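Down below is the structure, laid out as structure tokens.
The values are calculated or read from the model by the stated rules, or taken from the named source; none is laboratory data. As the structure is a computational prediction, the values presented were derived from the model and not from experiment. Here Cβ is always computed from backbone atoms with ideal geometry, including for glycine, and neighbour counts include all displayed protein chains.
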């Protein structure tokens, strides 16, 4: 039976822990210079509607290192750009390749592609979910703290796709999530309701100091994501007290790490002093996209 990764909720707690453990192993092999090529002869297609650095390069490098190959397809260079139905594209690609990563706007687009495809579909990013990023961030957190259980994770800023994916992670794993978002910029209400319904430790409020106090992980993202450029000025006003800076970071646990999925707008949502400081884990975080995605591809395609 084929498996897809559309949101983190597509994985069980045991599957997440297994993938994290495997990513640790693959990272160690990579650093030893060992070659592990279980996907020799396999091909992964990347369908991208949005620009990308980390998602594209990490998936392409991951497939190459696992012995496989990739085909990069910007939508405007395919028949999808001329309104070919997604169902037709899914059926055709299922005859040609072994998996698809899609980076697009609507979550429904990813779901429809997965519904009609006979091969695994991986959500490389939508406006509502970014599962591969948060799963690889969990790898970074587990490396730093020896696990995830009992940690306090703070989210400061927009209730965007990253915030939503952190909520889905908290629905599966044993850590506490505190989200500080300005009124009107909260995460998905359905996910918040699900967390309350399942009595999960997901907390939402407007005060960044409350969220960060005693946290081992302090997490943020840009105030205006791709497609929100017209809202940038209004968002700067709404988010001006949500900057991750040295003063805010003093409230966190002494051993706290700072995460940012990048690209960062320095001196907006995060200061250069914090981003480049000793508590920043953002470069390990970026590297771990490669290692977690290798574990994911090995599991889904192998």
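The table for this structure:
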quantity	calculated
Per-region count, the range 177-193, residues surrounded by fewer than 17 Cβ atoms within 10 Å (Cβ to Cβ) and under 20 Å from the mean Cα position of the chain (by Cα)	3
Qualifying residues in the range 269-290 (those that are out of contact with any strand residue (DSSP E or B) (no Cβ under 9 Å at 6 or more places or on another chain) and buried (at least 24 other Cβ atoms within 10 Å of the Cβ)) - the one nearest to residue 143 (Cα to Cα)	288
Flag for residue 260 being within 15 Å of residue 159 (Cα to Cα) and touching a helix residue (DSSP H, G or I) at 6+ places or on another chain (Cβ under 8 Å)	yes
Selection status of residue 221, at pLDDT 95 or above and surrounded by fewer than 19 Cβ atoms within 10 Å (Cβ to Cβ)	no
Residue within the range 39-55 that is assigned to a helix (DSSP H, G or I) and within 30 Å of residue 172 (Cα to Cα) present	yes
Residue in the range 90-114 that is surrounded by the most Cβ atoms within 10 Å (Cβ to Cβ), counting only those that are over 21 Å from the mean Cα position of the chain (by Cα) and in contact (Cβ under 8 Å) with a residue 40 or more places away in the chain	93
Which listed residue, of 90, 28, is under 21 Å from residue 298 (Cβ atoms) and assigned to a helix (DSSP H, G or I)	28
Tally, over the range 244-257, of residues that are under 20 Å from residue 181 (Cβ atoms), touching a residue at least 40 places away in the same chain (Cβ under 8 Å) and either outside the structural domain of residue 276 (by TED's automatic domain parsing) or out of contact with any helix residue (DSSP H, G or I) (no Cβ under 6 Å at 6 or more places or on another chain) (or both)	1
Filter result for the condition that a residue is outside the structural domain of residue 163 (by TED's automatic domain parsing), farther than 20 Å from residue 287 by Cβ and in a helix (DSSP H, G or I), over 58, 18	18
Some residue of the range 226-235 being touching a helix residue (DSSP H, G or I) at 6+ places or on another chain (Cβ under 8 Å), over 30 Å from residue 12 (Cα atoms), buried (at least 21 other Cβ atoms within 10 Å of the Cβ) and outside the structural domain of residue 12 (by TED's automatic domain parsing)	no
Options 179, 194, 139; residue that is touching a helix residue (DSSP H, G or I) at 6+ places or on another chain (Cβ under 8 Å) and either within 26 Å of residue 250 (Cβ to Cβ) or in a loop (DSSP other than H, G, I, E, B) (or both)	179
Test: residue 207 is over 17 Å from the mean Cα position of the chain (by Cα), modelled with pLDDT of 95 or more and under 23 Å from residue 255 (Cβ atoms)	yes
